[in-house]
Amino acid sequence: MQHRFANINAWTVGAVIIIILLFLPNLTIVSGLFTPSNENWEHMKEFVLWGFVKNSLILTAATAFFTIMIGLSLAWLIAQYDFPMRRFLKWALILPLSIPPFIGAYTYHGMLSHTGIIQTTLRDTFGVTLNPAFFDIMNLPGAIFIYTMFLFPYVYSITQVYLSQQSASLIESTRILGKGPWKTFFQVVLPISRISIIAGASLVVLEVLNDYGVVKYYGVQTFTTAIFQTWFGLGDIESSIKLAASLMGFVILILMIEKLLRGRRQYSYSTTKVRPLPLITLSGWKAAAATGYGFIILSLAFFIPVAQLIDWTVLTFGTIPMGEFMSYVKNSVFVAGLSASLIIIFALIVGNFARMVRGRLGKLLPRLTVLGYSIPGAVIAVAVVTAFIGLDRFLAPVYVWAGFSTTLVLSVSIVLLVTAYIIRFFAIGYNSIETGYDKIGTNFRDASRTLGLGVTKTFFKVDMPMMKGAIISGFILVFIDVLKEIPLTLILRPFNFDTLSTKAFQYASDEKIMEASQASLLIVGISALAIVFFYKFLERELD
Amino acid sequence: MFVAIEDVCFSYSNAETKALDNFTLKIEKGEVISILGRSGSGKSTVLRLLAGLEKPEKGRLVIQDEVLFDNKTFLQPEKRGIGMVFQDYALFPHLTVAENILFGLFRMKKAEKKKRLQEVLELVELQDFGKRYPHQLSGGQQQRVAIARAVAPNPHLILLDEPFSNLDAELQGKIREDLRDILKKANITSIFVTHDEKDAHILADRIVRLKDGRIDFVGRPCDMLDTYRQPGMQQPSTKGFVEKNLIGIN
C-alpha cells in the first residue's frame, strides 16, 4: 500500500483541487433532488413532465436509429469497397460535424420557408404551388432530420476507423467459409463493430440531450427547453434543479446502458499481425450507386446548407456594421481561447497526476472529471449558477469590505461562463492530453529523473515538448466546441456580451435568418478547417 | 561495501505475488554485475528500485554510505546519482545526440560541460554524431548514445536494462565487447539485466540468477558453468555457495 503514493507533491495537490472543483457543481444538482418540492413542480409533474420525457425519448431514439443507419452504411462502404471519389468522401463525410445543429436547423427552415429558395423556385420557375404544410420542418420529425444529418459523422467516423483496422483474415475467412457479402455483414461485421457503433451512437444521444438551439428554434418541448423555461419563465430555480436532476438521471441511465451493451465483450485480436482489409473494387451501376449515396448524404448535410449560408452572406454583406461584427469575433476568440488554454493546463496537471499514482483510486479520480461532457449544458448551467450564487454569498463580506456596490460579483462575470465551459468541455481536452501521455509512456520521464531532473523540470523539458501534438489538437478541439456552444453561452454570458454563436442564434430567433448567416459561416468555416487539419495531421501520424 | 541492497521486498499493485522477496545483494566498487532471469522473474524490478522509480515495501538501500531507502528515507530518483540505460534507450526524440548527453550535465559550468561531452562521445566513438537526432542513428549507435548519456554525469552506479534485446544478433556480439570496454574504461560500478546467459558470461564479473523474485544463484560466471557440468545434477545447488558469499536468503 505504502508505495502507491511514492511521488506525492505539488502536482498531486493541484490535480486533486482541480478534480474537486470540476466535480463539485454537479453535487448541487443531486442535492436539489432532496429539497421539498413546490407547487410548480407538482404541477409540472402532473401535466407536462411526461410530454418532455416522451419528446426527449423519441428524439434520442429516432436520431440514434437514423444516425446508425447512415453512419454504419457509409462506414462499411468506405472500409470495404473502392469506388469513384472514395478517398474524398472518406474524410469529407466528417465535415457535417462542422455545422452546429442549430445553424443547420435555421438554414433548412430558411430554405424551405415560403420565401425560401425551394418554394420560390417552384412558384416562379415552374408555377407550382404546393401545400405549405409539406415544407414545414419546424416539428419533431424535422428536428430528428436535422440531428441525423449533422450528427451521423460521430457513428460514421468511429465505425469507419474501426472497420478499416479490422484484420483482413477475419473477413476473408468468413467469405471462404461460404458466406456472401450480406451474411458477412450481418453475422461478422455487425457484431464485431458493435462497440464502435454504440460508442458513436451514445455520443449522438448525449449531443441530442444537450442540444438547446434546435428544439428551441423548432418549438419542440424537451427536457432542456423545460429547464430553461422553468428557470427564466417561471423564475423557479428549485424546480429547474429538479428537472436537471431528472435529466441527469436519464443521462446516467444511458451511460449505464452503454456500459451494459458493451459489457465484457471486449473483442481483441488473437494475432498481433493485423493486415488491413483489401478493398473490393466496385464497377458499373454499383459504383455509381455507392458514389451517389455518399454524395447525396454529403450534400444534404454539408454542401447545400453551406451554399445557402454563402448565398445569404453575400446578399447581406455590409448590413451588419463591421465594428460590431468584429466585437463578436473578438469575444468568441477570447472566451474560446481562454477556456481552451485553462482546460489544457488543467488537463496536463491531472494527466501527469494520473500517471504518477497507482491503484484504483488514482485511475478513478481523473475519470470523474470526464463526466462533465455527458452532462447536458442546461444541467451544468443550473449547477454552476447555483454554486456561484452560493460562493458570492460566502464572499459577500469581502465585497462589502472592498467597496463593491453589489454582492453578486462572480455570478455575473465572465468567470461564471468560463467555469461552465471548463466543466462541460474538460473531457475533450483531457482525452487528447491523456492520449499524449499514453503515447510517450513513462520511460522518457524516468530517464530524465535518473539524469537528475525533478518532476516539474522533467515536465517542462521532456513531457511538454514531446506532447506538442496532443496539446495543439486538444486546444483546437476545445476551442471549436466553445465557439459552437449555445445554451451555456446564451444563459451565462455577462450582460451585453455577445459571441458569434449567440448572435447567430438571436438573429435566427428574430427571423433575421439572412443576417445570421455571416456569423454562422465563420463558425462553420473555422470548424471545417480544423477538421481538415486533423484529418491531414492524423494521416501523417499514421504514416 | 559500495552498494548494499538489504532484505528488499516489492510487489506491483496489480499482482498477487511478490516481484521481489527479501532480496539481498552487496556489490564492490567497479564490479560488473549481471542479473539473469526469465521475464517476470523480477530482474528489472531490482533496477527500478535502485533508481528510485519504484518504492520498496521494506528493506534498505545504501550506496557509498548514503541511505537511499529505509523505513524513514526515500530519496527521489533525481537525487540518487544513479545512471540508467533503458531497454528502449528512451533517447529524447526532440533533442540532438549532444543535447541528450548534456541533459544531465546542468550542474556543470559551460566549459566543463563541453569537455565532458567530448569525453563521453569519444568513449562511445561517436565524435561526429553530436548534431544528429536519435532517429537518424542505427540501433547500435542509439544504444551507445544512451550509454554516453547515462555515464556523462559521473554516476556512482549505472544500471542497464536488457541492453542487447533491441539489437540484431550480428550486432550483439560486437556491442557486447564494446560495452565491456566502455564500462571498464569508465570504471563505473554497473548492474545489467539480461535473459541471455551468453551476455552474462561475457560481460559480468559476477552473476545473480533470479527465479520468482528470489535469488537462485550468485557467483562468478565460470562457477555457474561448473554447476551445470556436474554429472547427474539438474539444478545447481547454490545454498552453500550463497552463504559463503554473504548473500542471505530468508
> So what is the relative contact order of chain A, in percent, for Cα pairs below 8 Å that sit 6 or more residues apart?
Replying inline: 23 percent
> For the range A:364-465, treating each Cα as an identical point scatterer without solvent, what Debye log10 I(q)/I(0) comes out at q = 0.10, 0.11, 0.16, 0.18 1/Å?
Replying inline: -0.50, -0.57, -0.82, -0.88
> Helix-derived [θ] at 222 nm for chain A: sum -39500 (n - 2.57) over DSSP H runs of at least 4, divide by residue count, nearest 500?
Replying inline: -23500 deg cm²/dmol
> Quick one: if the Förster radius is 51 Å, what FRET efficiency do B:R132 and A:N40 give, using the C-beta to C-beta distance and rounding to 0.05?
Replying inline: 0.10
> For the cross-link pairs B:K114/B:K174; A:K439/A:K468; B:K29/B:K185; A:K242/A:K484; B:K79/B:K185; A:K45/A:K242, which exceed 19 Å when the distance is taken from alpha carbon to alpha carbon?
Replying inline: B:K114/B:K174; A:K242/A:K484; B:K79/B:K185
>> Given R₀ = 25 Å, what would the calculated FRET efficiency be for A:K179 paired with A:M85, taking r from the Cβ atoms and rounding to 0.05?
In response: 0.30
>> Skipping prolines and chain starts, which residues have an amide H placed within reach, meaning under 5 Å, of the one on B:L68, given they are 5 or more residues away or on another chain?
In response: B:L61, B:V62, B:I63
> Between A:T129 and A:K468, what FRET efficiency comes out of the Förster formula 1/(1 + (r/R0)^6) with R0 = 56 Å and r the beta carbon distance, rounded to 0.05?
Replying inline: 0.40
> Are any of the pairs B:K26/B:K184; A:K461/B:K115; B:K26/B:K72; B:K26/B:K110 more than 25 Å apart by Cα-Cα distance, and if so, which?
Replying inline: B:K26/B:K110
>> Need one number: % antiparallel among DSSP beta bridges in the protein assembly as shown, to the nearest 5.
In response: 50 percent
>> For B:R132, what residues show an amide H to amide H distance below 5 Å, using hydrogens built from the backbone and excluding near sequence neighbours?
In response: B:V97, B:A98
> Shape of chain A from its Cα gyration tensor (a ≥ b ≥ c, root eigenvalues): rounded if a/c is under 1.5, otherwise prolate when a/b > b/c, or oblate?
Replying inline: oblate
> If one computes the Cα centroid of the range A:174-190 and of the range B:142-195, what distance in Å separates the two points?
Replying inline: 53 Å
> What residues qualify as long-range amide H neighbours of B:K211, i.e. H under 5 Å apart, gap of 5 or more or another chain, H built at 1.01 Å from N?
Replying inline: B:D216
> Can you list, largest first and rounded to whole Å, the semi-axes you get for the range A:115-267 by taking the square root of 5 times each eigenvalue of its Cα gyration tensor?
Replying inline: 39, 29, 10
>> I'd like the Karplus ³J(HN,Hα) series for the range B:147-152: coefficients 6.51, -1.76, 1.60, θ = phi - 60°, whole numbers in Hz, and an x wherever there's a Gly or Pro.
In response: 5, 4, 5, 6, 7, 3
>> Need one word for the range A:22-171: rounded, prolate or oblate. Basis is the Cα gyration tensor (sqrt eigenvalues a ≥ b ≥ c); a/c below 1.5 gives rounded, then a/b vs b/c decides.
In response: oblate
> In the range A:31-310, what is the volume of the convex hull around the alpha carbon atoms, normalised per residue and reported in Å³?
Replying inline: 172 Å³
>> Positive end of the dipole of the range A:317-509, charges at C-beta (+1 Lys, Arg; -1 Asp, Glu), about the Cα centre: which of A:M467, A:T499, A:A340 has its Cα farthest in that direction?
In response: A:M467
> How much mean residue ellipticity at 222 nm does chain B get from its helices, if each DSSP H run of length 4 or more adds -39500 (n - 2.57) and you divide by all residues, to the nearest 500 deg cm²/dmol?
Replying inline: -9500 deg cm²/dmol
> Semi-axes of the range A:317-509's equivalent ellipsoid from the Cα gyration tensor, sqrt of 5 times each eigenvalue, largest first, rounded to whole Å?
Replying inline: 35, 22, 16
> Of the listed peptides B:68-76, A:232-240, B:201-209, what is their order by residue-averaged count of other C-beta atoms within 10 Å, with the highest listed first?
Replying inline: B:201-209, A:232-240, B:68-76
>> Given the options A:I118, A:L130, A:P100, identify the residue whose Cα lies farthest towards the positive end of the charge dipole of the range A:55-194 (+1 on Cβ of Lys, Arg; -1 on Cβ of Asp, Glu).
In response: A:P100
> What net charge is computed for the residues neighbouring B:G59, neighbours being all others with C-beta under 9 Å from the C-beta of B:G59, Lys and Arg scored +1, Asp and Glu -1?
Replying inline: -2
>> Per 0.36 nm of contour for each residue apart, how much would the distance between A:Q187 and A:L391 grow if the chain were fully extended, relative to their Cα-Cα spacing?
In response: 67.8 nm
> If you place +1 on the Cβ of every Lys and Arg, -1 on the Cβ of every Asp and Glu, and leave all else neutral, what size is the dipole of chain A about its Cα centre, to the nearest 20 Debye?
Replying inline: 2320 debye
> Across peptide B:81-89, what mean number of C-beta atoms from other chains lies inside 10 Å of a residue's C-beta?
Replying inline: 3
> With θ set to phi - 60° and the Karplus curve 6.51 cos²θ - 1.76 cosθ + 1.60, what are the ³J(HN,Hα) couplings of the range A:39-53 in order, to the nearest whole Hz, using x for Gly and Pro?
Replying inline: 4, 3, 4, 4, 4, 4, 4, 6, 10, 10, 3, 4, x, 4, 4
> Once the dipole of the range A:31-310 is set up with Lys and Arg at +1 and Asp and Glu at -1 on Cβ about the Cα centre, which of A:I237, A:A290, A:F223 lies farthest towards its positive end?
Replying inline: A:A290
> When Lys and Arg each count +1 and Asp and Glu each count -1, what net charge do the other residues less than 13 Å away from A:A244, Cβ to Cβ, add up to?
Replying inline: -1
>> How much of the DSSP bridge set in chain B is antiparallel, in percent, rounded to the nearest 5?
In response: 50 percent
> Quick one: which of A:194-204, A:375-385, A:316-326, B:178-188 comes out on top by average Cβ neighbours within 10 Å, and what's the full order, highest first?
Replying inline: A:375-385, A:194-204, B:178-188, A:316-326
> Under the definition of Cα pairs under 8 Å and six or more residues apart, what whole-number percent is the relative contact order of the range A:317-509?
Replying inline: 34 percent
> Using θ = phi - 60° and the Karplus form 6.51 cos²θ - 1.76 cosθ + 1.60, what ³J(HN,Hα) does each residue of the range A:183-194 get, whole Hz, x for Gly and Pro?
Replying inline: 5, 4, 4, 7, 9, 10, 4, 4, x, 6, 8, 4
>> 7 Å from Cα along Cα→Cβ at both A:Y293 and A:F533: what's the point-to-point distance in nm?
In response: 3.4 nm
> Within 10 Å of each Cβ of B:7-18, how many other protein chain Cβ atoms are there on average?
Replying inline: 1
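A short reminder: the numbers here are calculations on the coordinates, not readings from a lab. What you see is a predicted model, and the numbers here were worked out from it, not measured in a lab. No Cβ is skipped: glycine too gets one built from the backbone with ideal geometry, and neighbour counts run over all protein chains shown.
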